[in-house]
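The next block holds one structure in the form of structure tokens; read it before the comments.
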Amino acid sequence: MSKKILFLVEGKKAEYDAIKTIAKNMFNLIDENYEVYSYNSSIYELYDELNRDSDLDLIGLLIEKRLISLSYNETRNDIFSQIYLVFDFEPHYQKYSDDKIIELLNFFNEETENGKLYINYPMFEAAFYIDDYKHPKYFFKCIEIENCKGSIFKKEVKRITCLINDKKHIDWTFSKKENLLCSVKWNFEIQKKLTNKDDNREIDYGLILEKEIEMKNKYNKIIVLSTFVLIIFDFKPDIVKELLIN
């Protein structure tokens, strides 16, 4: 039996639906090739759970929580070939600490080992925080930490986003490929400016986090950035390369 790809997301609805859509429509994965699970809690709760037992790894924790199960004669190493995690930065969360999020990104830095973590700054909806794409001066935006909270940030996303199917509805699932590619290009350019790197071959997620923490500690602000949509670099690098040239 071939191994599967595991996507572990924070929320029950938005991230889950978006990953399912992207996996099928963009990555051409069939249901037998991958699994999407919602942890239904923050990355900082995951951190605490993993640290309560030195012998506990991510797969073990998910088995313990009954999010995944093992078949007869199957070991946890038989299940998944790659693991991707999508969680929110949430600097206002009561258990947030700079040290925790740095440690998590350093630990979850390889999809074929512990897993690879993609952080939403400040949350999943950052993928849709796109102003007038024809005017790049609008794209590098800071928000106050107090405005990172769910209802406040989501309201602001709905106010400014250009990724709208009609006048009332945002395509939260990226069912339209052009919306996903627009978000990829937008966020790729943001991370380049944030890290001051012009390299189209590799994204420095550690440096992104370092710059975001620096911004938070100095100015009580963060740069709105979705590294979640940049997961496409791991699956369709040729498409992205073509996208960035055009």
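Bear in mind these aren't lab numbers, they're just calculated from the coordinates by the rules spelled out. None of these values were measured; they are calculated from a predicted model. So basically every Cβ, Gly included, is an ideal-geometry build from the backbone, and we count neighbours across all protein chains shown.
List of remarks:
- Label positions at N25 and I63, each projected 7 Å from the Cα along the C-beta direction, are separated by 3.6 nm.
- Protection proxy ranking of 80-90, 184-194 - average other beta-carbon atoms within 10 Å, highest first: 80-90, 184-194
- Take every Cα pair under 8 Å whose residues are at least 6 apart in sequence, average their separation, divide by the length of the chain, and the relative contact order is 21 percent.
- Positive-end extreme of charge dipole, the chain - chosen from A127, F235, L117 (charges on Cβ): A127
- Cα shape, the range 1-92, gyration tensor, a/c 1.5 rule: oblate
- Under the span-like rule (Cα at least 30 Å along the axis, Kyte-Doolittle mean at least -1.0), DSSP H helices of the chain: none
- Pairs from the table (K24/K177; K155/K218; K3/K236; K4/K100; K185/K216; K24/K158) lying more than 18 angstrom apart at Cα are K155/K218; K3/K236; K4/K100; K185/K216; K24/K158.
- Sites D55 and E113 - FRET efficiency at Förster radius 25 Å, r taken between beta-carbons, to 0.05: 0.90
- Per-peptide average of other Cβ atoms within 10 Å, ordering 21-30, 216-225, 151-160 highest first: 216-225, 21-30, 151-160
- The charge dipole of the chain, taken about the Cα centre with unit charges on the Cβ atoms of Lys, Arg (+1) and Asp, Glu (-1), comes to about 1180 debye, rounded to the nearest 20.
- You can think of it this way: the chain between S81 and E144 has 18.8 nm of extra reach, that is 0.36 nm per residue less the Cα-Cα gap.
- Antiparallel bridge percentage (DSSP; both residues within the chain; nearest 5): 35
- Sparse packing (at most 15 other Cβ atoms within 10 Å of the Cβ) combined with a DSSP loop state is found for the following GluC sites (Glu not before Pro) in the range 30-91: E74.
- Each listed q (0.10, 0.13, 0.17 Å⁻¹) maps to a log10 I(q)/I(0) for the chain from the Debye sum over equal C-alpha point scatterers, namely -0.47, -0.81, -1.41.
- Each DSSP beta bridge with both residues in the range 6-127 is either parallel or antiparallel, and the antiparallel ones are about 15%.
- The order of the peptides 205-214, 51-60 by mean Cβ neighbours within 10 Å, most packed first, is 205-214, 51-60.
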